[in-house]
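Single-structure report; data block below.
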Amino acid sequence: MKADLEALRTRALEEITVLDDLQALEQARVTYLGRKGKVTEILRGLGQASPEERPKLGQLANEVKQAIAERLDERKQVLEAREDALQAEAAALDITLPGRRPQRGHLHPITQVTEEIVGIFQALGFQVATGPDVETEYYNFDSLNTPPDHPARDSHDTFFVQPGVVLRTHTSPVQMRVMEKVQPPVAVVVPGRTYRVDNDASHSPMFNQLEGLLVDEGITFGDLKGTLLHFVQEFFGADTKVRFRPHFFPFTEPSAEMDISCSVCQANGCRVCKHSGWVELLGCGMVHPRVFGYAGYDTEKYTGFAFGMGLDRLAVQRHAINGIGHLFENDLRFLEQF
Ligand code: DAH
């Protein structure tokens, strides 16, 4: 019996040392130390031992049990530690990995410029008006005092949708649409798409304009100059200068074109201003009495000024972009720069 117990101890200790998972370890505890386990099994034969032997055998059996229990605990600790380590590794976050930036979009450069300019005029009390891209000849030409034989009405310059209907060649027709609806005082700006048969580095068949119209009693060319000077100094900087050159538009009298001192070279001369120091910015003038006639406004009572500018050219100038076409190609490598 003594030999049996010692053999059992040797075997158990060896076996437990190489057990590889906690479940097998629990199994081994039952096999060796359980109520129906191997030690208990051997002790069943205790009755056959002599009375002097019995206490010694009992003591040995306890020692064997204890040795096995200790080895089980040791092994359990090792296996549990290993399991914890594995779990920690699986759950670990590598906080040194740089995050992935979500791609953020932004407004198109023309939209940015438009919103900025509209904001400047809104601060002066102007409201925003809009009109249709597909326009009648009446609004686009006739009501703006543009005679039937005017060269702008030629199909070489204007996209005709059908006889009498065009893609608007400027935002000016919205002047008439507004005046038909409201009596003075009127102060509106009109951003929008416009179309002409034109396509080269500085012209696109579709482009963007911003129209302005102010009508009230006693409005003079001085109001026009003051308003536009304020606008360019807000948009291009406080030291920007303006000059007005006489011009002709059918819908204004007198008419002018307004230039600004070149903001790219501070008027010293560069490619953008063709070394003149000045850049043409917009057309403007005092609203022609005949236009007021179409609107049904009392020409004895009211005067007004109007202006129209190309927004794409402004965006091109502000960002020194070479070629207006880039603005409409929607190439992300280009757009992402703004
Ligand atoms: N409509 C003109 C153009 O497209 C620009 C313009 C000039 C608008 C004078 C106006 C104005 O309102 O008064 O070239």
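Each reported figure results from applying straightforward, stated rules to the coordinates on display, with no laboratory input. This structure is a prediction, so every number in the text was calculated from the model and none was measured. Positions of Cβ are generated from backbone atoms using ideal geometry, with glycine treated the same way; all protein chains shown enter the neighbour counts.
In segment 43-82, what GluC sites (Glu not before Pro) fall in a loop by DSSP, with at most 12 other Cβ atoms inside 10 Å?
Those satisfying the criteria are E52.
Taking the Cα centre as origin and putting +1 on Lys and Arg beta-carbons and -1 on Asp and Glu beta-carbons, what dipole magnitude results for the chain, to the nearest 20 debye?
That gives the chain a dipole magnitude of about 1080 debye.
Which net charge results for the neighbourhood of C273, defined as the other residues with beta-carbon distances under 15 angstrom from its beta-carbon, given Lys and Arg at +1 and Asp and Glu at -1?
+4
Too long at a 25 Å Cα-Cα cut-off: which of K181/K301; K56/K76; K36/K65?
Values: K181/K301 18 Å; K56/K76 30 Å; K36/K65 13 Å.
Over 25 Å apart, Cα to Cα: K56/K76.
How high is the FRET efficiency from H106 to R193, r the C-beta distance, R0 25 Å, rounded to 0.05?
For H106 and R193, the calculated efficiency is 0.75.
Can you grab the distance from the C-alpha centre of segment 166-188 to the C-alpha centre of segment 293-338, Å, no decimals?
When both Cα centres are located, 16 Å separates them.
Return one number: the angle in degrees, 0 to 90 and rounded to the nearest 10, between the long axis of the Cα atoms of helix 221-236 and the longest principal axis of the Cα atoms of the chain.
Tilt of helix 221-236: around 30 degrees.
With everything on Cα atoms, drop me the angle between helix 22-33 and the longest principal axis of the chain, reported from 0 to 90° to the nearest 10.
Tilt relative to the chain: about 20 degrees.
Compute the FRET efficiency between E26 and D94 as 1/(1 + (r/R0)^6), taking r as their Cβ-Cβ distance and R0 = 35 Å, and round to the nearest 0.05. If you can, show how the numbers build up before the last one.
Numbers: r = 35 Å, r/R0 = 1.00.
Between E26 and D94 the formula returns 0.50.
Under the Cβ-under-4.7 Å rule, which cysteines of the chain stay unpaired?
C284
What residue among L60, A24, T130 has its Cα farthest toward the positive end of the dipole of segment 20-146, where the charges are +1 on Lys, Arg and -1 on Asp, Glu, each on the Cβ?
L60
When the helices in the chain are scored as -39500 (n - 2.57) per DSSP H run of 4 or longer and the sum is shared across all residues, what 222 nm value do you end up with, to the nearest 500 deg cm²/dmol?
Taken over the chain, the calculation gives -13000 deg cm²/dmol.
Can you give the extra length, in nm with one decimal, that the chain gains between E253 and D239 once fully stretched, where that is 0.36 nm per residue apart less the Cα-Cα distance?
Details: separation 14, 0.36 × 14 = 5.04 nm, distance 2.90 nm.
Length gained, E253 through D239: 2.1 nm.
Compare the Cα positions of P163, A69, L332 along the charge dipole of the chain (+1 at Cβ of Lys, Arg; -1 at Cβ of Asp, Glu; about the Cα centre) and return the one farthest towards the positive end.
Of the candidates, A69 comes out farthest on the positive side.
Mind checking which of Q59, Q127, Q183 has the largest fluctuation in a GNM of the chain, springs on alpha carbons under 10 Å?
Of the options given, Q59 has the highest mean-square fluctuation.
Once you order the gyration tensor axes a ≥ b ≥ c over the Cα atoms, which shape class does segment 63-220 get: rounded for a/c under 1.5, otherwise prolate or oblate by comparing a/b with b/c?
prolate
Find how much the distance from A7 to T130 grows on full extension, using 0.36 nm per residue of separation minus their present alpha carbon separation; answer in nm with one decimal.
Separation in residues times 0.36 nm, less the Cα-Cα distance, equals 34.1 nm.
For segment 2-91, build the charge dipole from Cβ charges (+1 Lys, Arg; -1 Asp, Glu) around the Cα centre, then report which of V78, G37, A49 sits farthest towards its positive end.
Looking along the dipole axis, the top candidate is A49.
For the peptides 15-27, 151-163, 260-272, what is the packing order when you average, over each peptide's residues, the other Cβ atoms within 10 Å and list the highest mean first?
260-272, 15-27, 151-163
Which of the GluC sites (Glu not before Pro) found in segment 168-244 are in a DSSP loop and have at most 15 neighbouring Cβ atoms, other than their own, within 10 Å? Show your work: numbers first, answer last.
On the way: sites: E180, E211, E217, E234; in loops: E217.
The qualifying sites are E217.
Going by alpha carbons, how many degrees (0 to 90, nearest 10) lie between the helix axis of 2-17 and the longest principal axis of the chain?
10
Would you report the distance distribution of C-alpha pairs in segment 196-338 as whole percents per 5 angstrom bin, up to the bin with the largest distance?
Histogramming segment 196-338 at 5 Å steps yields 2, 9, 16, 18, 17, 15, 10, 7, 4, 1, 0, 0 percent.
Mind jotting down the distance between the C-alpha centroids of segment 4-79 and segment 101-119, whole Å?
First find each Cα centre; the distance between them is then 80 Å.
What number, in nm² with one decimal, is the all-direction average of the projected area of the convex hull of the alpha-carbon atoms of the chain?
One quarter of the hull surface, i.e. the mean projection, equals 33.4 nm².
Pick out, in residue order, every one of the trypsin sites (Lys or Arg not before Pro) in segment 1-107 that is DSSP loop and has at most 14 other C-beta atoms within 10 Å; say none if there are none.
R35, K36, R100, R104
Could you give the nm distance between label points at Q59 and E280, where each point is 7 Å from its Cα heading toward the beta carbon?
12.1
Over segment 2-91, what is the relative contact order in whole percent, taking alpha-carbon pairs under 8 Å and six or more residues apart?
Working: 55 pairs, mean separation 37.1, N = 90.
Rounded, it is 41 percent for segment 2-91.
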